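Read the figures in this text as sums done on the coordinates, not as results from a lab. Not measured: the values here are computed from a predicted model. Every residue, glycine as well, gets a Cβ built from its backbone with ideal geometry; the counts of neighbours run over all protein chains shown.
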Amino acid sequence: MYQTACANRTTQYRALPASKVHSVQQKRLHHRCNIFLKSVWQTMNELDFYEIRFMREALLEAERADLEDEVPVGSVVVFMGKIVGRGHNSVSTRLDPTAHAEMIAMREAARALGNYRLVDCDLYVTLESCAMCAGAMVHARIRRLFYGAADPKGGAIESTQRLLEIPQLNHRVIACGGFLDKEATALLQEFFRQKR
């Protein structure tokens with residue numbers, strides 16, 4: 001979704017071909033637009049690299065959950081390009097209804113950073129977050145949320161609700177979904193197939 005949105009946004013500002021540029025002002029504008037587009041695409045490629053890299057780490061956490069016979073959802077919290085918190089679903093193991101992957105990763109990140117405010121941190125999770133986790137992200141001041149598969153029954157980011165878009169909230173978490181969603185969905189489907 002994010003990549004598509006960015007691609008659409010940049011195509012709206014695509015510069016004219018050089019052959020159609022006539023005046024000196026148009027040539028300058030054409031040059032500036034090309035530089036702008038090049039920087040946007042470079043930024044997008046760098047983002048893609050980090051998103052995929054950290055989402056793969058979240059998938060590793062999801063596989064750990066699967067080994068513990070938990071629903072395979074994994075999460076990591078990233079600060080300044082480094083993972084500062086990891087977590088995977090541990091609801092049954094810990095006998096704790098709040099032991100979702102995101103919650104555990106945020107707790108670990110808060111301990112690592114010595115602050116419950118996770119300002120400038122990004123959270124990566126393999127499944128769209130529920131209402132509890134979305135609320136915790138707002139309280140923790142998570143900067144961006146990247147998630148894999150959508151959760152049509154319990155996802156509170158875009159599937160059943162759009163909690164992060166409530167205008168009265170005092171913090172806005174930027175959410176982007178669909179990263180490595182096929183891999184995340186395959187893990188979940190295999191887990192539930194074996195349970196049936």
Item to check | Restricting segment 80-106 to residues that are under 16 Å from the mean Cα position of the chain (by Cα) and among the charged types (D, E, K, R), the residue that is surrounded by the fewest Cβ atoms within 10 Å (Cβ to Cβ) | outcome: 82
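Take the residues in segment 175-193 that are surrounded by 15 or more Cβ atoms within 10 Å (Cβ to Cβ) and not aliphatic (A, V, I, L, M), then tell me which one is nearest to residue 79 (Cα to Cα).
We begin by selecting, within segment 175-193, every residue surrounded by 15 or more Cβ atoms within 10 Å (Cβ to Cβ); these are 175-181, 183-185, 187-188, 191.
Those still in the list that are not aliphatic (A, V, I, L, M) too: 176-179, 181, 183, 185, 191.
On the way: 176: 17, 177: 19, 178: 21, 179: 19, 181: 23, 183: 24, 185: 26, 191: 31 Å.
Residue satisfying both the conditions and the ranking: 176.
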Item to check | Wholly within segment 80-150, strands (runs of 3 or more DSSP E) carrying at least 2 residues that are within 23 Å of residue 186 (Cβ to Cβ) and in contact with a Pro (Cβ under 9 Å, 6 or more places away or on another chain) | outcome: 121-127
Item to check | Tabulated pairs, segment 116-132, first surrounded by 22 or more Cβ atoms within 10 Å (Cβ to Cβ), second assigned to a strand (DSSP E or B) and of a type in the set (S, T, N, Q), C-beta under 8 angstrom, 6+ apart or interchain | outcome: 123/75; 124/75; 125/75; 126/75
Checklist entry - Name the pairs whose Cβ atoms lie under 6 Å apart, with the first residue in segment 72-91 and closer than 10 Å to residue 112 by Cβ, the second surrounded by fewer than 24 Cβ atoms within 10 Å (Cβ to Cβ) and β-branched (Val, Ile, Thr), and 6 or more positions between them or separate chains? => result 77/84
Checklist entry - Residues of segment 58-79 being out of contact with any Phe, Trp or Tyr (no Cβ under 7 Å at 6 or more places or on another chain), in a strand (DSSP E or B) and buried (at least 19 other Cβ atoms within 10 Å of the Cβ), which ones? => result 74, 77
Next on the checklist: Looking at 144, 172, 196, 162 in this structure, which one is touching a residue at least 12 places away in the same chain (Cβ under 8 Å), among the basic types (Lys, Arg) and surrounded by fewer than 23 Cβ atoms within 10 Å (Cβ to Cβ)?
Outcome noted: 144
